[in-house]
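Worksheet: the structure to be examined is printed underneath.
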Amino acid sequence: MASLKKYRARRDFKKSPEPKGGKPKPSKRPRFVIQQHKGRAMHYDFRIEIDGVLKSWVVPKGPSLNPRDKRLAIPTDDHPLEYARFEGVIPEGHYGAGPVIVWDRGTYRNLKAKGEKPLTMKQSLRRGTIEIFLNGKKLKGGFALIKTADRWLLIKMRDKYADARRKPTKSQPESVKSGKTLREVEREGKK
Ligand code: MN
């Protein structure tokens, strides 16, 4: 069963604005969120709802729409579903200190749910062969999260939404929640 123990153990909810979250409870339409986060280094947190929690990967370079790009994705702690709305500044001295924005979010579909050998998201996760269709504000189309011998990779699948020229991390840097950039959220946090 999914657990938020690690997530909670690493945070002091009296001092960090991050949500503690309730009991893991799957929603009717599973969601995803991509947060841009300037912690020790700039990165994107790619989170997809599985089993009532947000399974999470740190993607240093963020997602690409070019199927040739294989973006390193480092698994990290499960986060509560409530985290999908989180935007703000994690205070200094705390885990992940720095600004966070909701760079993209929406719902997703398990592309392996049907077919000859259907797989649930949980099974795909265990095998390291996730294929999902994202319905976000910025990202659309099929994405694969693949576990190789020593790492996970995030790869745009080949479909009509693949686009080697469009670079949404550059051309659309603003939050889909507030319209603010990471820098603006950071600056406001310092006031
Ligand atoms: Mn992060």
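Quick check on my filter: what residues within the range 160-180 are hydroxyl-bearing (Ser, Thr, Tyr) and surrounded by fewer than 16 Cβ atoms within 10 Å (Cβ to Cβ)?
Ser171, Ser178 - these are the residues of the range 160-180 that are hydroxyl-bearing (Ser, Thr, Tyr) and surrounded by fewer than 16 Cβ atoms within 10 Å (Cβ to Cβ).
Would you check which residues across the range 60-77 are in a strand (DSSP E or B) and either under 17 Å from Arg166 (Cβ atoms) or polar (S, T, N, Q) (or both) and list them?
Those that are in a strand (DSSP E or B) and either under 17 Å from Arg166 (Cβ atoms) or polar (S, T, N, Q) (or both): Arg71, Thr76.
Only one of (1) farther than 18 Å from Phe32 by Cα; (2) out of contact with any strand residue (DSSP E or B) (no Cβ under 6 Å at 6 or more places or on another chain) is not met by Glu174, so which one is it?
If we test Glu174 against (1) farther than 18 Å from Phe32 by Cα; (2) out of contact with any strand residue (DSSP E or B) (no Cβ under 6 Å at 6 or more places or on another chain), just (1) comes out false.
Can you list the strands (runs of 3 or more DSSP E) found entirely within the range 79-174 that contain at least 2 residues being within 16 Å of the ligand (Cβ to nearest atom)?
Ranges flagged: 88-90, 98-110, 152-156.
Would you mind finding the one in Arg8, Arg40 that is within 13 Å of the ligand (Cβ to nearest atom), surrounded by fewer than 22 Cβ atoms within 10 Å (Cβ to Cβ) and modelled with pLDDT under 95?
From the options Arg8, Arg40, the qualifying one is Arg40.
How about the range 68-109: which of its residues are over 11 Å from the mean Cα position of the chain (by Cα) and under 16 Å from Gly179 (Cα atoms)?
Arg85, Phe86, Glu87, Gly88, Val89, Pro99, Val100, Ile101
Only one of Gly189, Gly179, Gly136 is in contact with a Pro (Cβ under 9 Å, 6 or more places away or on another chain) and of a type outside the set (A, V, I, L, M, F, W, C). Can you tell me which?
Just one listed residue meets the conditions, Gly189.
Restricting attention to the range 52-66, does a residue exist that is more than 16 Å from the chain's Cα centre (by Cα) and surrounded by 14 or more Cβ atoms within 10 Å (Cβ to Cβ)?
Yes, the conditions are met somewhere in the range 52-66.
Kindly indicate whether any position in the range 104-116 is closer than 18 Å to Val58 by Cβ and surrounded by 19 or more Cβ atoms within 10 Å (Cβ to Cβ).
yes
Can you name every residue in the range 22-35 that is away from the ligand (no atom under 16 Å from the Cβ), in contact (Cβ under 8 Å) with a residue 60 or more places away in the chain and surrounded by 14 or more Cβ atoms within 10 Å (Cβ to Cβ)?
Pro30, Arg31
The values are calculated or read from the model by the stated rules, or taken from the named source; none is laboratory data. As the structure is a prediction and not an experimental result, all values here were calculated from the model. So basically every Cβ, Gly included, is an ideal-geometry build from the backbone, and we count neighbours across all protein chains shown.
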